Amino acid sequence: MLLAVDPIPHMNSERVIKLVRTELTNPVSRALIDALNYELSGLYPEPGATHFNLKPEDVAQGQGIFLVVYRDEIPVGCGAMRKLDATTGELKRMYMAPIARGNGLGRSLVMALETEARALGLQRLVLETGIRQTAAIALYRAAGFVPIPLYGEYLLSPETSVCMGKEL
């Protein structure tokens, strides 16, 4: 499912950006998630500091979405949104390859996930990121997310987790 084929306004206009709904088990999805897990494991070597929990059923139609970001037909990022309950969704597995960072792709991905959350009737989004991911924190703040208390599995990692939320 193609969600967007719009060039990012401040990027070179010759670039084609696509956000595509993809199965979590797809090899492209797995490769991006493996790259994310590798990066996070290096940033957070502390036991219990990483939470890689996302199942295919979490992003099934009507429950959430997993998107792969393509730049010029090359997969460069991914992100998921899953329903936590009838009114709240959670952003998960947000990743942009280092070569694709700083060009507005992360912001476009967050906006697409917010659109899906609204389509599912959700009123709020929450997320967790790590204290050492300053660029991610800045991205989420720019998208309107504010700090919230730790929740769920992140209560187990107060030294490394930052939780944020946004009313839709």
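Here, each number is a calculation from the coordinates, and none is a lab measurement. This is a predicted model, so every value here is computed, not measured. Here the Cβ is made from the backbone with ideal geometry for all residues, glycine too, and neighbour counts use every protein chain on show.
Assorted remarks:
- Each Lys and Arg adds +1 at its Cβ and each Asp and Glu adds -1 at its Cβ; summed about the Cα centre, the chain shows a dipole of about 260 debye.
- Relative contact order, percent, the chain [alpha-carbon distance under 8 Å, six or more residues apart]: 19 percent
- Segment 24-159: C-alpha pair distances exceeding 28 Å, %: 11 percent
- In order through segment 67-78: 3J(HN,Hα) via Karplus (6.51 cos²θ - 1.76 cosθ + 1.60), integer Hz, x for Gly, Pro: 10, 10, 9, 10, 10, 6, 6, 9, x, 10, x, 7
- Neighbour cut-off at most 14 other Cβ (10 Å), DSSP loop, GluC sites (Glu not before Pro), segment 33-98: E73
- Listed by chain and number, the aspartates and glutamates placed with their C-alpha closer than 19 angstrom to that of K18 are D6, D72, E73, E114, E116; residues fewer than eight positions away on the same chain are left out.
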